[in-house]
Amino acid sequence: MSYYISGLQVIEAYMEHFEEICSIDQDVIGDFSRSETIRTAVQEKRCLIQQSEQGIAGFLIFTNDFFDNNFISLIIVKPSERRKGVATALLAFYVEMADTRKIFSSTNQSNTSMHKVFEAAGFVKSGYIENLDDDDPEIIYMKMK
């Protein structure tokens, strides 16, 4: 399955993409601590990538078990590809394919860039969780299909 938005192609990730996805994640967070999470998501067909001629620009990982709703657990965009619509394309594709009426996601209160992306994509704030990260609450977002 493939999806184009503003000329950006979003596809399901395969194991052939695994190393490049992990490299992007490492560039953003500084280590490879999520590589097993990424491997599992790719193997379980829960990882989407935005691919361009230059390679993978970003990826999204989701689950289907957030209180019987879909949940986007991770969106990472390669630093050189930010502000080019990559996160928006990934979100739009996932919302279209999600099999529940409500789609949830979250970001730290300090991540102002991601708040803007969620709001521009039509997500609304739905609450928060304290104590996941010290002094940086997790803000929950939701979008209705």
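Computed values, structure above
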| read-out | value |
| --- | --- |
| For the range 136-145, 3J(HN,Hα) per residue [Karplus equation, 6.51 cos²θ - 1.76 cosθ + 1.60, θ = phi - 60°, Hz, x = Gly/Pro] | 8, x, 8, 8, 8, 10, 9, 9, 8, 7 |
| Cut-off of 10 Å, at most 14 other beta carbons, DSSP loop: longest stretch of the chain lacking such GluC sites (Glu not before Pro) | 54-129 |
| Anisotropy class of the range 96-135 from Cα gyration tensor, a/c 1.5 cut | oblate |
| Residue pairs, from the table Lys78/Lys116; Lys78/Lys145; Lys45/Lys84; Lys78/Lys125, whose Cα atoms sit over 21 Å apart | Lys78/Lys145; Lys45/Lys84; Lys78/Lys125 |
| Residues of the chain: accessible area per residue with a 1.4 Å probe, Å² | 57 |
| Normalised alpha carbon radius of gyration of the chain [divisor 2.2 N^0.38 Å] | 0.98 |
| Ratio Rg/Rh [Cα only; Rh per Kirkwood] for the range 21-84 | 0.98 |
| Inter-label distance, nm, simple model (7 Å from Cα along the C-beta direction), Glu119/Glu96 | 2.6 |
| Gaussian network model of the chain, springs between alpha carbon atoms under 10 Å - residue of Gly30, Gly58, Gly122 with greatest fluctuation | Gly30 |
| Between the range 15-73 and the range 83-115, the Cα center-to-center distance that results, in Å | 14 |
| Overall dimensions of the range 54-121 by Cα: Rg and Dmax, Å | 12.1, 38 |
| Segment Gln43-Asn69, length gained on full extension (0.36 nm per residue, minus Cα span) | 7.3 nm |
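The values are calculated or read from the model by the stated rules, or taken from the named source; none is laboratory data. The model shown is predicted, which means the values in this text are computed figures rather than measured ones. Every residue, glycine as well, gets a Cβ built from its backbone with ideal geometry; the counts of neighbours run over all protein chains shown. The protein model used for the area step is the full one, side chains on, heavy atoms only, and it has no ligands, DNA or RNA in it. Shrake-Rupley method; radii C 1.70, N 1.55, O 1.52, S 1.80 Å.
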